[in-house]
Amino acid sequence: MNTHHKRISSSHLELMEKKKSVVAATIKKSFECVCKSWYLLSENHHFMNMFHKDLVSNSHRCSYYDGASILLYSIEHYKDVLYSLFGERFLNKIKLDFSNLFEEDIYNHIDILGFGSINGTLCLHQYETDNYGKTDNYGKTVLWNPTTQTIKHLPPSMDESIVTREDEDGFFDISVKARLHGFGYNHVTNDYNVIRHVKVFIKPNSSTDYGGNFKEIVSYRFGDINSPKWEIYSLISNSWRELDAVMPYSMECKKGTQVYMDGVCHWLCKQYKKYRHNKNYRPVGPCLVSFYLSNEASFTTPIPPEVDDCFDDSAKWINLVVLNGSIALITYHKEMTTFRVSILGQLGFKESWIKLFMVGPLPYVERPIGVGTKGKIFFIIKDKEVAWFDLSIHMIEELGYRAETIRCRIINCKESILPFEE
């Protein structure tokens with residue numbers, strides 16, 4: 001198999017300066033001292049250069065990469081396929097069989113939630129797209145361990161059961177939009193959890209005469225079932241329950257914008273604020289939402305535009321990843337053909353975002369598809385070949401796999417023979 005190497009000139013790896021505002025007086029003194037010390041260090045180019053090298057070259061020290069392999073999701077002949085890539089340069093691959101995960105095949109796509117597996121377990125869900133490529137409907141969700149081939153189908157929630165029963169009567173036109181936001185492991189309860197935002201839509205059936213005010217009938221029949229809500233799934237109880245939480249949610253739930261680390265689920269979204277005099281919402285900027293599974297508390301960390309306006313039209317690809325034990329944001333800007341890498345120092349403090357460095361320009365990149373172990377960025381180049389870029393040695397190498405479409409994705413997966421515990 002022929003491989004292709006390209007070396008990126010060191011002049012194309014730019015260390016970005018961090019402009020940090022003064023820590024607010026309300027922050028407790030211990031954290032303020034840490035922030036001030038970090039601010040002084042971040043202004044030191046020599047220190048930041050060493051910090052960058054340590055971050056990308058020693059990422060294998062992080063436990064999240066111990067024994068991890070790379071999974072390549074792709075589409076071949078209009079079918080979802082999944083390969084396990086292994087070897088020092090990922091040139092070896094084995095096709096995984098996941099055709100029996102879902103009992104019914106009425107949806108045209110499968111997505112894997114998050115940055116990778118948790119204790120060897122992946123969270124997958126079905127979905128379908130409309131004519132414009134946007135997600136139009138969501139199907140069932142399963143937990144799957146590729147090593148043991150253990151499969152767990154998540155049950156419907158109480159609202160979904162009510163909706164299914166009422167929808168079968170044909171008296172209402174009912175649909176449920178459940179957007180998955182997080183998958184993680186609660187170390188306190190030894191439980192796997194899935195977090196989602198749910199909205200039930202109830203519309204009048206055109207062939208039904210309701211003989212009164214439709215809204216009043218819906219309120220009497222369903223109560224507040226059509227109010228947006230957060231739900232959490234517990235593997236131990238094998239059930240969903242409503243969360244008492246007020247958190248920003250993602251309307252798009254883009255692939256790769258959710259990550260789990262140390263008992264906390266993180267996701268990216270645009271934060272919205274309601275107008276005072278009407279029910280419309282306006283965007284106030286991108287943010288990171290962090291949800292603690294142990295106590296169900298949440299933090300919202302705004303992402304300043306000077307760090308990265310990651311939902312801007314110029315940012316064609318966004319990924320949340322774990323780099324050497326830190327939450328990192330990697331974006332690709334197509335017009336400039338550059339990658340931007342930023343890390344978060346402290347949850348809840350937008351001042352602790354650090355614009356670490358920028359890679360590029362890389363004019364031959366067509367679309368990034370994910371971040372693997374040890375800081376390697378995978379992407380599709382112009383001839384549809386899948387390749388990866390090593391942040392530590394600034395090398396690009398092709399995998400010898402040609403994608404049929406650009407709808408590929410890289411997932412990190414650690415093997416585990418531990419069974420699900422219900």
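Bear in mind that the values in this text are calculations on the coordinates, not laboratory data. If you're wondering where the values come from, they're calculated on a predicted model, not measured in any experiment. FYI the Cβ positions are ideal-geometry reconstructions off the backbone, even for glycines, and counts take in every protein chain you see.
Efficiency by 1/(1 + (r/R0)^6): what FRET value for His187 and Glu76, r their Cβ-Cβ distance, R0 = 41 Å, to the nearest 0.05? Each step should come with its number before you reach the end.
Working: r = 38 Å, r/R0 = 0.93.
The formula returns an efficiency of 0.60 here.
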Checklist outcome for this item: Sequence order, the range 333-339: Karplus ³J(HN,Hα) from phi using 6.51 cos²θ - 1.76 cosθ + 1.60, θ = phi - 60°, Hz rounded, Gly and Pro as x, gives 9, 5, 5, 8, 6, 10, 9
Checklist entry - In this model, which of Lys79/Lys255; Lys255/Lys355; Lys215/Lys254; Lys376/Lys414 are farther than 28 Å apart at the alpha-carbon? => result Lys215/Lys254
Checklist outcome for this item: Given backbone amide H placed at 1.01 Å from N, residues whose amide H is under 5 Å from that of Glu404, ignoring those fewer than 5 places away on the same chain, are Ile75
Checklist entry - So who's got an amide H within less than 5 Å of the one on Asn92, skipping anything under 5 residues away but keeping other chains? H placed 1.01 Å off N, in plane. => result Phe86
Item to check | Under the Karplus curve 6.51 cos²θ - 1.76 cosθ + 1.60, θ = phi - 60°, whole-Hz ³J(HN,Hα) for the range 79-94, x wherever Gly or Pro sits | outcome: 10, 6, 10, 9, 10, 9, 9, 8, x, 4, 10, 6, 8, 9, 8, 10
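What's the FRET efficiency of Leu91 with Ala245 using the Cβ-Cβ distance as r and R₀ = 30 Å, to the nearest 0.05? Provide the component values of the computation, followed by the final result.
Working: r = 45 Å, r/R0 = 1.49.
With R0 = 30 Å, the Cβ-Cβ based efficiency is 0.10.
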Checklist outcome for this item: Any residue on another chain or 5+ positions along whose placed amide H is under 5 Å from the amide H of Gly285 is listed here as Gln271
